[in-house]
Structures are given as C-alpha cells and as structure tokens.
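Here's the structure, in structure tokens; my notes come after.
We did not get these values from a lab; they are worked out from the coordinates using the rules stated. Source: prediction; values computed, not measured. As a convention, Cβ positions derive from the backbone with ideal geometry for all residues, glycine included, and neighbour counts pool all protein chains shown.
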Amino acid sequence: MRKLIAANWKMHGHAEWINKPAEFDKLYPYNERQNLEILICPPFTLISEMRDITRQNNISLGAQNCHEEARGAYTGEISPEMLAHAGAQYVILGHSERRAMGESNADIMRKAKAARRPSLIPIICVGESLEIRELGEATEFVLEQIKNSVPEHIGDYVLAYEPIWAIGTGRVPQIEDIEQMHGRIRELVGPDVRVLYGGSVKPANAEEILSVENVDGVLIGGASLEMDSLMAIAKAAA
Ligand code: PGA
C-alpha cells in the first residue's frame, strides 16, 4: 500500500516558507516515490494559496475540518465543496482537538459523508484517552469509535489512530501496542483502507513506527512545521 505522510499544521501559518520552492525542493525525491504520498493540511486560508506549489511538487493538499452542508446560513463554516474548489483533496475529520470542542461520532459521520460529495478523501481520526488506556479498554473504545464515525459505503477514506495522550506530549505507545491496535483496526476496516498512526511522530521514531505491520503512514502535528523534519519523516517512509 502507498504510505501516506500527512502533515496537520493546525493553526500555524508558515508565511515564511509556503511560497518558497526551495523549501519544497527539500522533499524531493521523496515526493516522487511511487510508494509514498506526502500530504499537507494547512489552515483554510492557505489552501488556495498553496494549490500551485503543492501540485508542482507532487504533494497532496487537505483541510482540517469541514461543515456537512454544501451552503447555507452557517456563519464561520466552510463546506466540502468550497474546500474542493480551493484545491483540497483531503479533509481531516474528528481530530481529538475537535472532538474536545464537542464534535460527536455522529457529527463526524455526517461530515465524512458530506466530504465525499465533491470527492474529498476524509481522514477520520480516532483514539483513546489515557484513562481509557489505563483501564485496558483502549481497543474496544477505538473500534466503537470507528463503527460510529465511519459511514457505510463511504468509498475512499483514511483512518488515523491517534491516542489522545500521545498528541503533542512526546509520549508514544509501545510499539507492540501500536501493532496490536492497528491489527484490530485492520480486521475491522479491511485491506484497502490506509491506517495512519498519529501522536508525537518525530524524525527519531518515524522509521520504527512506519515499519510496524498495518501502519500505512503517519499523521504529524508539531514535527510537520519544519520542512527539515517533515522531510526526515518522509525519508524514513521511503
Ligand atoms: P503531534 O500531533 O504530532 O504534535 O503529536 C499529532 C496530531 O495532532 O495529529
């Protein structure tokens, strides 16, 4: 399966390098590999601005959220159709930072269905809290989240397993725990869905994480904000 290296820039702008071709050249030759896809998900305002430079560099482009309707009186919201028009091909949905703002599995399921209208590929995020992990209920919890947030017959989508306690903390699960979780997720989602790991992925641990069975890529927050570390992670996957 083609590995997906996905950068989630969150609310970071990057005005200093988004239009510098030399920065994107650093990703060469990793973005030219058949077995690797590099995706950048910047804030909404940068999507159309980054459309040309990402296309020229064979990098995919995505958003970090969307609304479920195509248009309407929804102040402050952005529809999947608008994202596709701006140049997005992917949309991250149900990130734990958004679930913490009140998004439910049902919301995420509706958004994922909506994302398919203009053929965006949703990256549906799931993951347990530390409390659930310590109770020994992480696997059941995550499988339930998947059942309740991935629509039936959705077509192309990506799943991201991100333990909440590993996001932005520098803590990473034991490799065996990642392997066990991804194995169970694979049984549920089948062979064709790319299953990413996310949570404190760094150049130093990327190679080990990417070599785990059923890890088809990574979703990277902090370490995707510097082109050098994004490149080092792509190199680990290549
Ligand atoms: P992190 O974030 O790499 O900074 O831990 C991952 C994410 O939130 O997707």
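Kindly provide log₁₀ I(q)/I(0) values, in the same order as q = 0.21, 0.24, 0.33 Å⁻¹, from the Debye equation applied to equal alpha-carbon scatterers of the range 16-57.
Debye intensities relative to I(0), on a log10 scale: -0.70, -0.88, -1.29.
Give the Rg/Rh ratio for the range 108-238, taking Rg as the radius of gyration of the Cα atoms and Rh as the Kirkwood radius, to two decimals.
Dividing the radius of gyration by the Kirkwood radius yields 0.96.
Can you compute the equivalent ellipsoid semi-axes for the range 63-180, i.e. the square root of 5 times each eigenvalue of the Cα gyration tensor, sorted largest first and rounded to whole Å?
Working from the Cα gyration tensor, I get semi-axes of 28, 14, 13 Å.
Treat the range 1-73 as a sphere of radius equal to its Kirkwood radius over Cα pairs and apply Stokes-Einstein at 4 °C in a medium of 1.567 mPa s; give the translational diffusion coefficient in µm²/s, rounded to a whole number.
Once the numbers are plugged in, D ends up at 97 µm²/s.
Take the alpha carbon atoms of the range 96-164, find their center, do the same for the range 2-38, and report the distance between the two centers in whole angstrom.
25 Å
Return the lysines within reach of LYS111: Cα separation strictly under 19 angstrom, same-chain partners fewer than 8 residues apart disregarded; answer none if there are no such residues.
Of all the lysines, those that pass the test against LYS111 - Cα under 19 Å, at least 8 places apart if same chain - are LYS10, LYS147.
What span do the alpha-carbon atoms of the range 1-125 cover on each of the three principal axes, reported in whole Å from largest to smallest?
Largest first, the range 1-125 extends 41, 32, 26 Å along its Cα principal axes.
Leaving out same-chain residues fewer than 8 places away, which aspartates and glutamates sit with a Cα under 19 Å from that of LYS235?
Filter leaves GLU23, ASP25, GLU32, GLU37, GLU207, GLU208, GLU213, ASP216, GLU226.
Obtain the radius of gyration and the Kirkwood radius of the chain from its C-alpha atoms and give Rg over Rh.
0.94
How are the alpha carbon pair distances in the range 159-232 distributed across 10 Å bins from zero to the largest one, expressed in percent?
Over the range 159-232, the share of Cα pairs per 10 Å bin runs 21, 55, 23, 2 percent.
Residue farthest toward the positive end of the dipole of the range 99-153, with Cβ of Lys/Arg at +1 and Asp/Glu at -1: which of GLY102, ASN148, ILE121?
ILE121
Just the projected area, averaged over all directions, of the convex hull on the alpha carbon atoms of the range 122-186: how many nm²?
Averaged projected area of the range 122-186's Cα convex hull equals 4.6 nm².
Where nothing but the Cβ of Lys and Arg (+1) and of Asp and Glu (-1) is charged, how large is the charge dipole of the chain around its Cα centre, in debye to the nearest 20?
Dipole magnitude for the chain comes out near 600 debye.
For the range 106-154, report the % of Cα-Cα distances exceeding 12 Å.
63 percent
Hey, what D do you get for the range 45-108 in µm²/s if you plug the Kirkwood alpha-carbon radius into Stokes-Einstein at 37 °C and 0.692 mPa s?
257 µm²/s
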